[in-house]
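The values are calculated or read from the model by the stated rules, or taken from the named source; none is laboratory data. This one's a predicted model, so the numbers in the text were calculated from it and none came from an experiment. With ideal geometry, Cβ positions are generated from the backbone for all residues, glycine too; neighbour counts draw on all protein chains shown.
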Amino acid sequence: MSNEVIIRDAVKRYGDFTALNGVSLNIKEGEFFTLLGPSGCGKTTLLRMIAGFNSIEGGDFYFGEKRINDVPAHKRDIGMVFQNYAIFPHLTVKENVAYGLKARKVGKQEMETRVSEALELVQISHLADRKPNELSGGQQQRVALARAFVIEPSVLLMDEPLSNLDAKLRVQMRTVIKKLQRRLGITTIYVTHDQEEALAISDRIAVMKDGNIMQIGTPNEIYAKPQNPFVAGFIGVSNFLDCEVRDGRTVVQDEITVDIPLRKAFSGKAKLSARPEQLFFSEQGMPGKVLFSTFLGDFIEYEVELDNGQSLIVNEYTKDASEVHPDGAQVFLRFDPNRVSLYEAETGEVLSK
Amino acid sequence: MKQRLGQKWRPDFWFWVKFLVIASMCLFIVYPFYNIITKSIFSDKVEGVTLYNFIRFFSKPYYYQPLIRSLVVCSVTVLTSTLIGVPIAYVMTRYNVPGKTLVHILIIMSLMSPPFIGAYSWIILAGRNGIVAKMFTALGLEAPTIYGKGGIIFVFTMHLFPYVYLYTSGAMNSIDSSLEEAAENLGMSKLKRIWTVTLPVILPSILAGCVMVFMTCLADFGTPMLLGEGYTVLPVLVYNEYMSESATNPYMASALSVVIVTCSLAILLFQKMVIDKRNYMMSSLRPPQETKLRGLRRFLVSLPIYLVVFVAFLPQIVVICQSFVERSFSGVVKGINLKNYQIISARLATNIRNTYVFSLIAIAFIIVVGILVSYILVRKKGKIATLIDTLVMFPYVIPGSVLGIGLIIAFNRKPMVLVGTASIMIISYVIRKLPYTVRSGTAFLYQMDPFIEEASINLGVSPLKTFFTVTARMMLPGIMSGAVISWITCINELSSSIMLYSGKTSTIAIAIYQEVMHMSDGPASALATILTVSSIVSLLIVFRLTKGKVKIV
């Protein structure tokens, strides 16, 4: 059986509230796929529908060829890592990891081998006989991981597994998870609200908002070519500039016009989005003055107020900077028209190529 | 979870559990109570449906006097319990009282002692032939009497102030100390601070404790029966009306039962509407610190607490001591020995066996039903769960004697003749004591992580098997600590047993009551000692189980 996950028009309602509004996804075999979005966007709801803990109001869920809508949760053969780990407090580490194998009636000999291999993989063999309350957060996380993948599930689900760890451990564990996933080649669906984590760990990301998918793509595509202002604002930092498209050219300010490659003919009000590192100081361009600067080591962050009143964040790498522009200094800003994104002001539809 | 369209609905395990629970509750609570209500609107004096009983109740002092007395006794007890319980809670939570843990345990133990044993040992101490009475007579003074209104209130207060103490100290421990610091910072003196901030914030909890005191007083039968001597309160009147040898009047007894239950319901409604609404949700970021007193001040602050706890715990000591004293019929001490125990093991072995056998069977049911019902109430919320909740908690407002009458009326005729059998005793225990276990179980389950169950299901174990191997296993501490409380109240049960027992199914509590009524102190104290020691040992087990964090209330 192929281990791809196909979701068609998934719908979830709570009373009058629509939590998922017809979501479709195609997750490839062995892929590390992340559902990313602010809280309440429906990402956990969707994950729990895949796991079988939420009822499915509409749509079809497939693992490979097999429709799983009516398969009860305990027969779906899915590994899951819960946000708070959900480790059985009355069982030792070893017993926790063996739990799913017991349910599958794996022989004693094989169980021993698989459990110790799993513990080895997450580097907690020395904790095998401890009880969960004697473990740190990071160790519990490893137990939860081992318990989920030891059953060799067709799909591995992770619900914000790192959100209870401190910042340093979070970075460390996300590498552990990523390497493990590569090594085992398990199709993995990962839920997080942390865009940096999503960019770091995923093969592909689905950005969600209000029960809809806003964009699906690789981390690079999502960061570099956000398909709508929401994605541009949610992933990383974006500056939005009001502008107008006339005769195929983009008028940024009264006298300043640039050529942004457009994907279709358009004329009217638009919104330009530029990352702080896509803006740079120049001899000419959009005039403005420095309001405030913050020295951050490898780069300097400026807050610049354009002469038309809009304010922008500009990052300049320390290695490229000859001097720090003082507050109040008159500056000119430019950007590469091939790199920024342009959207229709009204619909938010992407215009740039 | 909602059933999906197009899927055939089949009754699952939980359907049958819900069905069985509701069916048996209807049979053993609703049906008996329905019988009481219908009996109360009939009479052997008048044809057809009538308010005759109620009119008679409110026109004859013989009937309405006990209601007034009950309300007076309950209200005064609430007041005295508050005056004792709240200051003790304040001092215990705020100052370094020496031996705090022991004091706390002793207070809980005096609450958990068999209710009428307090009355009984106060008779030994301060009754006509009591030590206190003799001391006063020797000094040429008139001894204060333990009989009548004053005595009942005194014994109730000493037994029930722990409710107020427990509720209040629970609230005091969860109050954020910055609240008081804010008041201090705004220039309030210490006493004013307590009066304007601390008290209002914990008031709902104090009132909740008061409601418990009031309801227990209103339902209690043993204490006023032993101490009343003509000062008849409502539960005693119900008993007399139903059990008196001269004229058994089930119609009037039913009407009286309706009056008592109406009073309890009114109190409960008051709690729901007034108290619960004003309950402040507090997240204690910084629980109050204990003030460290030294030397004389520490002693003076602690002394009143020691005195109260000593007086509250005294009955149990007295009963145990008394059980080893052999007396002649005239009350002269003949020696210190095990004679009383020999008497009861010869004469009352059946009662002792019955008490433990009935309670054990009841507890087995309570544990199983408690686990299942707690799970339904917390994890399977909905209209049916609410219905079960109401049914299971209903016995809280029905005094034991009333439930006793209801069960007799309902099950003394075909097709189900249960009166006089052991099963009706056990049924009444299960129904009346189940709420303790369910409350403790649900409280525990609310704190349990629901994802643990999902993790088990996710790993391939079916929901039902997960419930038995994971959930039930993890709920056990919460269920067991509640079950021990159920157990203690089972072995000490008097008010419904006294209605339901027959010669073969008599228990220790009933035997004590009869022995005391026959002025036979020796065997009574030996029996009471058995109950007291059993209760104390059981409580110590709960303390072990919960590591001292026992929740009685």
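Values for this structure:
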| read-out | value |
| --- | --- |
| Residue match in segment B:141-158 (condition: basic (Lys, Arg) and buried (at least 16 other Cβ atoms within 10 Å of the Cβ)) | yes |
| Hits in segment B:111-140 (condition: surrounded by fewer than 24 Cβ atoms within 10 Å (Cβ to Cβ) and in a loop (DSSP other than H, G, I, E, B)) | B:Gly127, B:Arg128, B:Asn129, B:Gly130, B:Leu139, B:Gly140 |
| Qualifying residue in segment B:369-383 (condition: crowded, with 17+ Cβ neighbours inside 10 Å, touching a helix residue (DSSP H, G or I) at 6+ places or on another chain (Cβ under 8 Å) and farther than 19 Å from B:Met475 by Cβ) | no |
| Residue check, A:Gly107 at pLDDT 90 or above and either more than 8 Å from chain B (Cβ to nearest Cβ) or touching an Asp or Glu at 6+ places or on another chain (Cβ under 8 Å) (or both) | yes |
| Selected residue (only one of B:Pro200, B:Pro162 is surrounded by fewer than 23 Cβ atoms within 10 Å (Cβ to Cβ) and either in contact (Cβ under 8 Å) with a residue 24 or more places away in the chain or more than 30 Å from B:Met109 (Cβ to Cβ) (or both)) | B:Pro200 |
| Subset of segment B:225-271 (residues that are aromatic (Phe, Trp, Tyr) and modelled with pLDDT under 90) | B:Tyr239, B:Tyr242, B:Tyr251, B:Phe270 |
| Scope segment B:203-224; condition surrounded by 24 or more Cβ atoms within 10 Å (Cβ to Cβ) and either modelled with pLDDT under 85 or within 22 Å of B:Tyr513 (Cβ to Cβ) (or both); matching residues | B:Cys217, B:Ala219, B:Asp220, B:Phe221, B:Gly222, B:Thr223, B:Pro224 |
| Options A:Leu121, A:Leu91: the member that is out of contact with any Lys or Arg (no Cβ under 6 Å at 6 or more places or on another chain), away from chain B (no Cβ under 11 Å), surrounded by fewer than 22 Cβ atoms within 10 Å (Cβ to Cβ) and of a type in the set (A, V, I, L, M) | A:Leu121 |
| Of all residues in segment B:475-503 being among the hydrophobic types (A, V, I, L, M, F, W, C) and within 14 Å of A:Pro89 (Cβ to Cβ), the one that is surrounded by the fewest Cβ atoms within 10 Å (Cβ to Cβ) | B:Leu476 |
| Boolean, A:Leu25 is within 14 Å of another protein chain (Cβ to nearest Cβ) and within 20 Å of the chain's Cα centre (by Cα) | no |
| Some residue of segment A:16-23 being touching a Ser or Thr at 6+ places or on another chain (Cβ under 9 Å) and in a loop (DSSP other than H, G, I, E, B) | no |
| Members of segment A:47-70 that are touching a residue at least 60 places away in the same chain (Cβ under 8 Å) and either in contact with a Pro (Cβ under 7 Å, 6 or more places away or on another chain) or more than 14 Å from chain B (Cβ to nearest Cβ) (or both) | A:Phe63, A:Gly64, A:Glu65, A:Lys66 |
| So B:Val417, is it at pLDDT below 90, β-branched (Val, Ile, Thr) and in contact with a Phe, Trp or Tyr (Cβ under 9 Å, 6 or more places away or on another chain) | yes |
| Residue satisfying condition, being out of contact with any Cys (no Cβ under 7 Å at 6 or more places or on another chain) and under 30 Å from B:Ala253 (Cβ atoms), within set B:Phe13, B:Phe54 | B:Phe54 |
| Residue check for B:Asn340: assigned by TED's automatic domain parsing to the domain that holds B:Thr529 and under 23 Å from B:Ala119 (Cα atoms) | yes |
| Residue that is farthest from the chain's Cα centre (by Cα) [pool: residues in segment B:64-86 that are free of Cβ contacts under 8 Å to residues at least 24 places away in the same chain and within 24 Å of B:Ile194 (Cα to Cα)] | B:Leu83 |
| B:Tyr31 vs. criteria under 30 Å from B:Phe365 (Cα atoms) and surrounded by fewer than 18 Cβ atoms within 10 Å (Cβ to Cβ) | yes |
| Filter pass, B:Ala472 being at pLDDT 90 or above, in the same structural domain as B:Ser345 (by TED's automatic domain parsing), surrounded by 22 or more Cβ atoms within 10 Å (Cβ to Cβ) and of a type in the set (A, V, I, L, M) | no |
